[in-house]
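The values are calculated or read from the model by the stated rules, or taken from the named source; none is laboratory data. What you see is a predicted model; the values in this text were computed from it and never measured. Here the Cβ positions follow ideal geometry from the backbone for every residue, glycine too, while neighbour counts run over all protein chains shown. Areas reflect the complete protein model, heavy atoms only, side chains present, ligands, DNA and RNA absent. Shrake-Rupley method; radii C 1.70, N 1.55, O 1.52, S 1.80 Å.
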Amino acid sequence: MLVGEIDRRAFCDTVLERAKELGAEYADIRIVSRDEEHIDLRTGKVETLQRESSYGFGVRVIVDGAWGFSSSPRLTIEDGRRVAEEAVRIARASASVKRKDVWLAPVDVHEGAFKSIFKIDPFDVPLEDKIGLLRDADRVLRQNDKIKLTDCSMDFWKYDQVFASTEGAYIEQFKIESGAGVAATAIEGAEVQKRSYPCAFGGDYAAAGYEFVESLMLVDHCEEVAKQAVELLSAPPCPTGEKTLILEGSMLALQVHESCGHPIELDRVFGTEASYAGTSFLTMDKLNNFRYGSDEVNITADATLKQGLGGFDFDDEGVPAQCVDIVKDGIFSGYLTSRETAAELGGTSMGAMRSDGWNRIPLIRMTNINLLPGDWSFDELIADTPDGIYAADVKSWSIDDKRLNFQFGTEIAWEIKDGSLGRVFKNPIYSSMTPAFWGGCDAICNERDWHLWGVPNCGKGEPMQVAHVAHGAAPARFRNVQVGVGR
Amino acid sequence: MRLSEERAAELARAAVAATQADAAEAIVSASDSALTRFAGNRIHQNVAEDDAQLTIRAVLGTKTGVASTNRLDDEGRATCAAAAVNAARHAPEDPGFPGLPGDAPYEPLVREHAEALGFDAGRRAEAVRDIIAASSSRSLTAAGTVARNGYTLAVANSLDVTRATSSADVRATVLSMDDAGGSGWASWLGADLSGFSPRNLGERAATTAERAKGPASLEPGTYIVVLAPEAVSDLLDFMGYLGFGSKAFAEGGSFLVDKVGATIVDERISITDDVRSPQMIGLGFDFEGMPRQRVPLIERGMAREPVTDSYYASKLGMPNTGHALPAPNPYGPLPLNLTMDPGDVAEEDMIASLGRGVYVTRFHYVNVEDPMKLVLTGMTRDGTFLIENGRLTQSLKNLRFTQNVLEAFSHVGAIGAERSLIGPGEGGATLVPALMLER
């Protein structure tokens, strides 16, 4: 494939050859072209209307048993060689402070070109159509005069990437992602309340085209969003105490993200994120013998679901996408791994190495981390709950550096009394310790209520990287959870 | 490889000229960074990058559109300009848009330091070795980073504004840990290598980690706390993001709303955005090319007006303080160089003065529960201790706090005499002392 005047395959071969000449035991290169479009309408004003493009390449090498990485936005032969040389120099510096040589688990070498599935390229959709949709949504939200702030947004990404390695891999991948959401903030005196659709913090996202945005039917839901935000202004505070808590799917997606997705990153377990994001309570001794949750809890890491933000054909080390058990019948069963960390376990990588751009090394990142569905319908679950709280949509979140002690807030909650949803409550928060929380899970809704929620803002690493991941979840019930009210 | 100031300014002016609109603004930013990361007493990641980005804001009447690219050649520039104009063409009218700002008097702020830029991979590896030494000699493990960054920024617009500047900084962090849960933290940030002692940094973290062995639980409750500068910086970052910007103020979502001129915290607290404060490392103008003004935000306990950019200055009838972020900017203008005035009490004297209290080195995963009341929640980490009879005694397991920060800042016991430069966090770099808070 030609990009400008560069034949990408030939460019990769040249750069990798230079790295080998300089003594690299292993080298890989990624060329990444990334286009983005962001549209954000806030309270009737277009705050963001932007197209962004970024293009470059990055080279990873192992020299003298240690890693080095360099990158450049200039795809010239001269810069290709320079970057390879710099990566080797950096690796030699790394080798002066190492404890043992880097060792990579083996991987089958692949070649090929792969493309994600989409119907409508969002970058071909006229701007006036996209802005028109957001303006319609904004208009409906602000029909209620207590709605003082609105946020209606769409985001699109397009990736065109090549991965090649000194082992002979050459993989081209093309992917499109789309997402949208709306939110309304009601203000009355000192009371501020917000509601979102289809979920909080920008909405829902998928590896899909503009057809995904159309499927959200944003405008149709705006009246209800505004109504609920206003209702929250005069709602009573959420009762406090130890409660039976049912969490809505997108809230549960964040719960999975924070309390499972991060602690299963094997590099965190090995301490390489200790100084920044922290470590993990899921230490190696717990693999296959630690009760993470009740028997109802089954969690997988599934990169083969290509419609999810965490889906792909190959990770950024050329490892094919896989589905692996993370929690099986409540027992902790698996990690997210790389070739280097998998080698420590004596196995092969399950393919979780992902980078957010050409200028960043791949790190172990979540793929699609899914709480598998159970057997209950939502109506059955509510009917089976004599006394509880149903909480929905993320408002705030905080968790400790080992991913144990957490406190999350939701936008809204409803009382469950005698098997029916009742009064609305404001400012609900809940807190717990991760194994105790998941140990109290006694019912999960079925596939009908299961949804793969896209999360485009997972931060990790130094320098910081932002990964696009996803979590499948259906509403679920948890017993004996400490529920409180945000002050 | 990083663009010079002259070349960046030239590219910005060329981009403005290439944009066929009523008005245009171009930002050219170039970075040249390297970061050496270590954990388990070894280097495990070691990276370098350089990149440059062109961002064009096109104006058609009161409509604006933005496009960015890292392709700085003629074709890339032309494509970016066309995309920005197309975006502007489709944007709704914004009656509140006052136009791009015209030129304003500006005194250049020199920040470049060649020594920092020469901090190559070999020297960073030596620094890492020196940092790790204190931990490994105590059977502790060290994790952290040593980084150097170089940055060039140029802003030009069709009202004859052209500005260019460059800067560099060196940063290092270290977390020292034992196997049983004790940990200690230290960090350093500066515009050059003078004052950077990897050995001392490693020593500080390791000493705290040793002291933190065998942490015990503490009953939930209200305590007198001594916050190290790192912890104070976390709180200031959130104050900056949530309330010191004029967008939140204009929307009624800032804790400064209806409070300007009123006392909102202890009169010994003064918080200012001041890039020209001697230790700061920020840039002298904002992303519209406007000079960054010194802005008192809380002055002797009293709330003052927020920082502005051209848009919100016009909207609120306030002066433009030069705090614009790059367009498109959904966050509004924000302070990036917060300072808190020092007091007159050494941190060790704060500790010595207490019969009972808690010492906090830093916070983790702080988030917002109520932006108007500035209620934050988070955890402590990496060095939390009980203070008893004037000394740090028992190491404590990490604690969750949920606190109204304005309320906490209204009960100040003492303010530290020395300040540390911390960052960059979400709010940029902050220059802050330790604080003793009585509730």
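Taking B:Arg204, A:Arg18, B:Arg300, A:Arg365 and ordering them by how much accessible surface each has at a 1.4 Å probe, largest first, produces B:Arg300, B:Arg204, A:Arg18, A:Arg365.
Please give the net charge around A:Glu223, taking every other residue with its beta carbon less than 13 angstrom from that of A:Glu223, where Lys and Arg add +1 and Asp and Glu add -1. Here the count lands on -1. To the nearest ten degrees, helix A:8-21 and the longest principal axis of the Cα atoms of chain A are 60 degrees apart. Which residues of region A:132-154 show a drop of at least 40 Å² in accessible area when all protein chains are present, compared with their chain alone (probe radius 1.4 Å, heavy atoms only, ligands and nucleic acids excluded)? Flagged in region A:132-154: A:Leu149. With a 1.4 Å probe and all protein chains left in place, how much of the accessible area of region A:361-422 comes from carbon and sulfur atoms, in whole percent? Whole-percent figure for carbon plus sulfur exposure: 49.
Determine the shape class of region A:171-261: with a ≥ b ≥ c the square roots of the Cα gyration tensor eigenvalues, call it rounded for a/c under 1.5, and otherwise prolate if a/b is greater than b/c, oblate otherwise. Taking the square roots of the gyration eigenvalues as a ≥ b ≥ c, region A:171-261 is oblate. Take the accessible area of chain A alone and of chain B alone, subtract that of the pair, and you get about 5700 Å² summed over both chains, using a 1.4 Å probe. Taking 40 Å² as the minimum loss, tell me which residues in region B:40-84 lose that much accessible area going from the chain by itself to the full protein complex (1.4 Å probe). Buried on complex formation: B:Arg42, B:Ile43, B:His44, B:Gln45, B:Asn46, B:Val47, B:Ala48, B:Glu49, B:Asp50, B:Ser68, B:Asn70, B:Arg71. With protein chains left intact and a 1.4 Å probe, residues in chain A average 35 Å² of accessible area per residue.
Could you give the accessible area per residue of region B:104-216, probe 1.4 Å, as a whole number in Å²?
Working: 4330 Å² over 113 residues.
With the other protein chains kept in place, region B:104-216 gives 38 Å² per residue.
What does the C-alpha gyration tensor say about the overall shape of region A:270-381? Classify as rounded when a/c is under 1.5, otherwise prolate if a/b is larger than b/c, or oblate.
Working: a/c = 1.95, a/b = 1.34, b/c = 1.45.
Oblate is the answer for region A:270-381, as a/c is 1.5 or above yet b/c matches or exceeds a/b.
Taking the centroid of alpha carbons for each part, region B:300-326 and region B:331-353 are 22 Å apart.
Count charges around A:Gly310 for me, please; just the other residues with Cβ under 12 Å from its Cβ, Lys/Arg as +1, Asp/Glu as -1.
Details: positive: A:Lys175, A:Lys306, A:Arg354, A:Arg365; negative: A:Glu177, A:Asp302, A:Asp315.
With Lys, Arg at +1 and Asp, Glu at -1, the net is +1.
Within region A:444-487, the residues that become at least 40 Å² less accessible when every protein chain is included than when their own chain is isolated (1.4 Å probe; DNA, RNA and ligands ignored) are A:Glu462, A:Pro463, A:Arg487. Positive-end ranking of B:His44, B:Ser420, B:Phe244 along the dipole of the protein assembly as shown, with charges on Cβ about the Cα centre, is headed by B:Ser420.
The share of accessible area on region B:198-292 that comes from carbon and sulfur is 48 percent, using a 1.4 angstrom probe. Bridgeable aspartates and glutamates around B:Lys259 (alpha carbons under 12 Å apart, same-chain partners fewer than 8 residues away excluded): B:Glu305.
Just the number, please: percent antiparallel of the DSSP beta bridges in chain A, rounded to the nearest 5.
Working: 122 of 134 bridges.
Once the DSSP bridges in chain A are tallied, antiparallel ones form about 90 percent.
In a reduced charge model with +1 at each Lys and Arg Cβ and -1 at each Asp and Glu Cβ, region B:186-316 shows a dipole moment near 220 debye about its Cα centre.
Separation of region A:128-187 and region B:1-74, taken as the distance between their Cα centroids, equals 23 angstrom.
Using alpha carbons only, the radius of gyration of the protein assembly as shown set against its Kirkwood radius gives Rg/Rh = 0.93.
Once Rh is set to the Kirkwood radius over Cα pairs, what Stokes-Einstein translational diffusion coefficient, in µm²/s, holds for region A:143-220 at a temperature of 4 °C and a viscosity of 1.567 mPa s? List each step's numbers first, then the result.
Details: Rh = 15.0 Å.
D, rounded to a whole number, is 86 µm²/s.
Note on surface exposure: A:Phe123, A:Phe201 rank A:Phe201, A:Phe123 by accessible area, highest first, 1.4 Å probe.
For chain A, pairs of C-alpha atoms spaced more than 41 angstrom apart make up 23 percent of the total. Using just its DSSP H runs of length 4 or more, each adding -39500 (n - 2.57), chain B gives a mean residue ellipticity at 222 nm of -7000 deg cm²/dmol after division by all residues.
Pairwise Cα separations in region A:114-169 fall into 10 Å bins from 0 onward with the following percentages, short to long: 16, 31, 23, 16, 9, 5, 1.
Go through A:Lys146/A:Lys426; A:Lys119/A:Lys328; A:Lys20/A:Lys98 and tell me which ones have a Cα-Cα distance over 24 Å in this structure.
Numbers: A:Lys146/A:Lys426 16 Å; A:Lys119/A:Lys328 35 Å; A:Lys20/A:Lys98 21 Å.
Pairs exceeding 24 Å: A:Lys119/A:Lys328.
By the scheme Lys and Arg +1, Asp and Glu -1, what is the net charge of all other residues having a beta-carbon under 13 Å from that of A:Thr385? It works out to a net charge of -3. Applying a threshold of 32 Å to the alpha-carbon distances of A:Lys100/A:Lys158; A:Lys175/A:Lys460; A:Lys130/B:Lys247 flags A:Lys100/A:Lys158 as lying beyond it.
For region B:172-213, the relative contact order is 50 percent, taking Cα pairs closer than 8 Å that sit 6 or more residues apart in sequence and dividing their mean separation by the residue count. How high is the relative contact order of chain A? Use alpha-carbon pairs under 8 Å, at least six apart in sequence, and give a whole percent. Over chain A, the number comes to 15 percent.
Using a/c under 1.5 as the rounded threshold, could you call region B:140-298 rounded, prolate or oblate? The axes a ≥ b ≥ c are square roots of the C-alpha gyration tensor eigenvalues, and prolate needs a/b larger than b/c, oblate otherwise.
Numbers: a/c = 2.84, a/b = 1.34, b/c = 2.13.
Oblate, since a/c reaches 1.5 and b/c is not below a/b.
Legend: residues A:Trp376, A:Trp358, sorted from most to least accessible area (1.4 Å probe; ligands, DNA and RNA excluded), read A:Trp376, A:Trp358.
Pairs of alpha carbons in chain B separated by more than 38 Å make up 28% of all such pairs.
Would you mind telling me the share, in percent, of accessible area of region A:1-159 contributed by carbon and sulfur at probe 1.4 angstrom?
Values: 3290 of 6910 Å².
Heavy-atom surface of region A:1-159 belonging to carbon and sulfur, 1.4 Å probe: 48 percent.
In this structure region B:304-369 gives 36 Å² per residue of accessible area when probed at 1.4 Å with all protein chains present. Measure nothing but the geometry: give the 0 to 90° angle between the long axis through the Cα atoms of B:229-242 and the longest principal axis through the Cα atoms of chain B, rounded to 10°. Computed tilt is about 40 degrees.
When the dipole is taken about the Cα centre of region A:36-111, and only Lys, Arg (+1) and Asp, Glu (-1) are charged at their Cβ, what size is it in debye, to the nearest 20? Before the final figure, lay out the partial values.
Details: 12 positive and 13 negative charges, 88 e Å.
Taking the Cα centre of region A:36-111 as origin, the dipole is about 420 debye.
Pairs of C-alpha atoms in region B:20-89 farther apart than 16 Å represent 57 percent of all such pairs. Size of region B:214-349 from its Cα atoms: along the principal axes, largest to smallest, the extents are 53, 32, 28 Å.
Using only Cα positions of region A:254-293, each an equal point scatterer, no hydration layer, compute I(q)/I(0) via Debye at q = 0.15, 0.17, 0.24, 0.28 Å⁻¹ and quote the log10 values to two decimals. Once normalised to I(0) and log-transformed, intensities are -0.33, -0.43, -0.80, -0.99.
Rounded to the nearest 20, the Cβ-based charge dipole of chain B about its Cα centre (Lys and Arg +1, Asp and Glu -1) stands at 800 debye. When you restrict to C-alpha pairs under 8 Å that are six or more residues apart and normalise by the size of chain B, the relative contact order lands at 15 percent. Across region B:273-386, the volume of the C-alpha convex hull divided among the residues equals 168 Å³ per residue. Run the helix sum for chain A: -39,500 (n - 2.57) per DSSP H stretch of 4+ residues, divided by residue count, reported at 222 nm to the nearest 500 deg cm²/dmol. After summing the helix terms and dividing by the residues of chain A, the value is -6000 deg cm²/dmol.
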